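Input: a single structure, listed below in structure tokens.
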Amino acid sequence: VPATTKFNDLINLLKDSNAKPYVLCDENSYTYCYPQFCEILGFQIHPIIIKVDESLKNIQSCESIWHSLMEDRAGKEAILINLGGGVISDIGGFAAATYKRGIKYVNVPTTLLAMIDAATGGKTGVNFAHFKNMIGLIQQPELVIIHAPFLKTLPLQHLKNGFAEMLKHALLNSHEHLSEILNVTDFLTPLDENSILKSMAIKEHIVTLDPNENGFRKTLNLGHTVGHAIEYAALEHNYEMLHGEAVALGLIAALKLSVNKLNFNESKAETIIQFIRNIYPTPLWVKHHHETIINAIWQDKKNSHQQIKMVLLKDVGNAVYDIVCFQEEIAQVLNEI
Ligand SMILES: NC(=O)c1ccc[n+]([C@@H]2O[C@H](COP(=O)([O-])OP(=O)(O)OC[C@H]3O[C@@H](n4cnc5c(N)ncnc54)[C@H](O)[C@@H]3O)[C@@H](O)[C@H]2O)c1
């Protein structure tokens, strides 16, 4: 599903399918984005508003969406428009894909992380029994619409959150793309639509080649083995940390391992690592919890046969997956992040 900036595509989809649309919002996207959204479309769409928080990304939130749809007698032809961050697109996508065995849905992401990552690729779902994204399915949206002005109200921390994934996409793509990203110095200037679309296209391309993640799609996990483990350690020990902040540290670890194991150019790696450190300084608590982090790495979904398997880089634009990494090798780079 290629992303577009054209709201006309949505208007045409609604016209063609003659369907009643619903817009799923959270309280912030309802306040900051819904009025603009309706103004651009030129008509109002019935909003379904839910509270969001990672802890509310659960089946109860889905139930409330299903109830709202049923109360309004929404039929099989209904279309759900997910206007919000990654929590909204994950829950809304899942609720839509299961309501009456599946209605169409559209993502209109309003956070940078959702634009760059969550809104595309078709992964939907909810957390269950304290595990993230435990229940879900892969179902592609009909459309993904990008409107960069929505980011004007997004707090800086959330811009940085999405920017880590932009950096990851550039590392997976090319030197040219990476140097554009390394030139970003000011997050307060809203990111332009072209650089967002360019970054999204990297994920789209990889997902198209391997939609069900049998192989190449795993490269999108660059930085995520250590990143997820740091995120888990933060949660365990009650430190606040966003996904992107953890992924940024995971990218440092992956770059160092790439130097050690795959001959990635060391000075190139240092330049990138310095850039990452300036934006995402490593919190002090990280060095006190290496054991928790290592234990969490053993739980990573990408491991198999009792081996830790990571995505590393031979060079910028040349990622390899399923690289077996030993615990000692990872412990060593953890000391250096
Ligand atoms: N499906 C996937 O492939 C995929 C990929 C990456 C992340 N995710 C999921 O995405 C979620 C994280 O997404 P997120 O970071 O967007 O979180 P989020 O949806 O919780 O949004 C972050 C915060 O920003 C607020 N917000 C949204 N738009 C705003 C705007 N324009 N102005 C001001 N505030 C606004 C929200 O209300 C929320 O408080 C996680 O649950 C993660 O698992 C999914």
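Return the total of residues in the stretch 96-131 being of a type outside the set (Val, Ile, Thr) and buried (at least 19 other Cβ atoms within 10 Å of the Cβ).
The total comes to 18.
For residue 213, state whether it is touching a strand residue (DSSP E or B) at 6+ places or on another chain (Cβ under 7 Å) and of a type outside the set (Val, Ile, Thr). Show your work before the answer.
Working: touching a strand residue (DSSP E or B) at 6+ places or on another chain (Cβ under 7 Å): no; of a type outside the set (Val, Ile, Thr): yes.
Spelling it out, it is not the case that residue 213 is touching a strand residue (DSSP E or B) at 6+ places or on another chain (Cβ under 7 Å) and of a type outside the set (Val, Ile, Thr).
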Legend entry - Condition check for residue 131: among the aromatic types (Phe, Trp, Tyr) and at pLDDT below 95: yes
Legend entry - Considering residues of the stretch 134-163 that are among the β-branched types (Val, Ile, Thr) and either assigned to a strand (DSSP E or B) or modelled with pLDDT under 95 (or both) only, the residue nearest to the ligand (Cβ to nearest atom): 138
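Every residue, every condition in (1) modelled with pLDDT of 95 or more; (2) part of a helix (DSSP H, G or I); (3) surrounded by fewer than 18 Cβ atoms within 10 Å (Cβ to Cβ); (4) within 16 Å of the ligand (Cβ to nearest atom), yes or no:
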position: 165; (1), (2), (3), (4): yes, yes, no, yes
position: 180; (1), (2), (3), (4): no, yes, yes, no
position: 191; (1), (2), (3), (4): no, no, no, yes
position: 195; (1), (2), (3), (4): no, yes, yes, no
Legend entry - First in the stretch 141-168 and more than 11 Å from residue 196 (Cβ to Cβ) and of a type in the set (Val, Ile, Thr), second anywhere and near the ligand (Cβ under 7 Å from one of its atoms) and modelled with pLDDT of 95 or more, Cβ under 7 Å, 6 or more apart: 153/32
Inset, instruction - Please determine, by comparing only the residues of the stretch 235-292 that are within 19 Å of the chain's Cα centre (by Cα) and among the charged types (D, E, K, R), which one is farthest from the ligand (Cβ to nearest atom). - result: 240
Legend entry - Given (1) modelled with pLDDT under 95; (2) farther than 24 Å from residue 160 by Cβ, index of the condition residue 265 fails: (1)
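For every residue, the table says whether it meets (1) of a type in the set (D, E, K, R); (2) outside any helix (DSSP H, G or I); (3) within 21 Å of residue 15 (Cα to Cα).
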| site | (1), (2), (3) |
| --- | --- |
| 62 | no, no, no |
| 68 | no, no, no |
| 74 | no, yes, yes |
| 77 | yes, yes, yes |
| 80 | no, yes, yes |
| 83 | no, yes, yes |
| 89 | no, no, no |
| 95 | no, no, no |
| 99 | no, no, no |
Inset, instruction - Pairs only if they're at least six apart or on different chains, beta carbon under 6 angstrom, first in the stretch 203-221 and in a helix (DSSP H, G or I), second exposed (fewer than 12 other Cβ atoms within 10 Å of the Cβ); list them, first residue then second. - result: 216/209
Legend entry - Among residues of the stretch 108-133, those that are assigned to a strand (DSSP E or B), within 8 Å of the ligand (Cβ to nearest atom) and over 26 Å from residue 38 (Cβ atoms), counted: 5
Legend entry - Pairs where the first residue, in the stretch 6-30, is on the phi > 0 side of the Ramachandran plot and away from the ligand (no atom under 16 Å from the Cβ) and the second is outside any strand (DSSP E or B) and not β-branched (Val, Ile, Thr), C-beta under 8 Å, 6+ apart: 18/77
Legend entry - Near pairs, Cβ below 8 angstrom, 6+ apart or cross-chain, from the stretch 79-96 (more than 23 Å from residue 155 (Cα to Cα)) to any residue that is among the basic types (Lys, Arg) and more than 7 Å from the ligand (Cβ to nearest atom): 79/20; 79/104; 80/104; 96/104
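The values are calculated or read from the model by the stated rules, or taken from the named source; none is laboratory data. Only a predicted model underlies this, so the values are computations on that prediction, with no experimental measurement involved. We place every Cβ from the backbone using ideal geometry, glycine too, and count neighbours over all the protein chains shown.
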